[in-house]
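S.K.: Sharing a structure, written as structure tokens. Questions coming.
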Amino acid sequence: MGSNYVVQYKSLVEEYDESVPLKETVMADEVRPMPPEVTEAPEFHIGNRVDAYDLDGWWVGTISSENNVYGFHAVFFETTGEKISYPLWNLRVHQDWRGGKWVVSSNNKKKKRLALLF
């Protein structure tokens, strides 16, 4: 049986009292360090996996349309079926936790390689 940890969030709060930081019990395999910042300027294309900052947290989604004239990208969230537009500053390259380290999502790497070939 795995270990559990109590996690206290910095920016999420309890519903019953917004002055109390949210605490949750999570399984050990769900605990990992924050992903490193990607220092290169992101260029997103349809199909890229991204993290979108919304409602005080980062949520995994997929770019579903190129940026519009206002600089927004539409992001589709498989878990909710929603499609929401975000400005570039609310998006980051999605990274996966594999083998004890963060790696750029394989979907994003394929898109970059294709862009270099043309």
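S.K.: Of [x] -0.51, -0.67, -0.76, -1.11; [y] -0.68, -0.79, -0.84, -1.05; [z] -0.64, -0.82, -0.91, -1.21, which one was derived for log10 I(q)/I(0) by the Debye sum over Cα atoms at q = 0.13, 0.15, 0.16, 0.20 Å⁻¹ from the structure shown?
M.R.: Given [x] -0.51, -0.67, -0.76, -1.11; [y] -0.68, -0.79, -0.84, -1.05; [z] -0.64, -0.82, -0.91, -1.21, the structure-derived one carries the label [z].
S.K.: For Tyr86, tell me the accessible area in Å² from a 1.4 Å probe, rounded to the nearest 10.
M.R.: Solvent-accessible area, nearest 10 Å²: 10 Å².
S.K.: First check a/c for the range 38-79, with a ≥ b ≥ c the square roots of the eigenvalues of its C-alpha gyration tensor; if it is under 1.5, answer rounded, and if not, answer prolate when a/b is larger than b/c or oblate otherwise. Let's see the in-between values first.
M.R.: On the way: a/c = 1.44, a/b = 1.19, b/c = 1.21.
The shape class here is rounded.
S.K.: Of the candidates Asn48, Asn68, Asn90, which one comes out as most mobile in a Gaussian network treatment of the chain with C-alpha springs shorter than 10 Å?
M.R.: Fluctuation is largest for Asn68.
S.K.: Might you report the magnitude of the Cβ-based charge dipole of the chain about its Cα centre, with Lys and Arg at +1 and Asp and Glu at -1, to the nearest 20 debye?
M.R.: Using Cβ point charges on Lys, Arg, Asp and Glu, the chain gives about 860 debye.
S.K.: Using a basic spin-label model with each label point 7 Å from the Cα along Cα→Cβ, how many nm lie between Glu82 and Ser64?
M.R.: It works out to 1.2 nm between the two label points.
S.K.: Let me ask something else. Counting only protein chains, not ligands or nucleic acids, how are Val50, Val104 ordered by accessible area (probe 1.4 Å), most first?
M.R.: Final ranking, largest accessible area leading: Val104, Val50.
S.K.: Related question: Compare the peptides 29-36, 94-101, 57-64 by average per-residue count of other Cβ atoms within 10 angstrom and give them in order, highest first.
M.R.: Numbers: 29-36: 10.6, 94-101: 12.4, 57-64: 17.8.
Result, highest mean Cβ count within 10 Å first: 57-64, 94-101, 29-36.
S.K.: Quick one: ranking Phe72, Phe44 by accessible area, 1.4 Å probe, largest first, what do you get?
M.R.: Result, largest first: Phe72, Phe44.
The values are calculated or read from the model by the stated rules, or taken from the named source; none is laboratory data. These figures come from a predicted structure and were not determined experimentally. Cβ atoms come from the backbone with ideal geometry, glycine included; neighbour counts cover every protein chain shown. The protein model used for the area step is the full one, side chains on, heavy atoms only, and it has no ligands, DNA or RNA in it. Shrake-Rupley method; radii C 1.70, N 1.55, O 1.52, S 1.80 Å.
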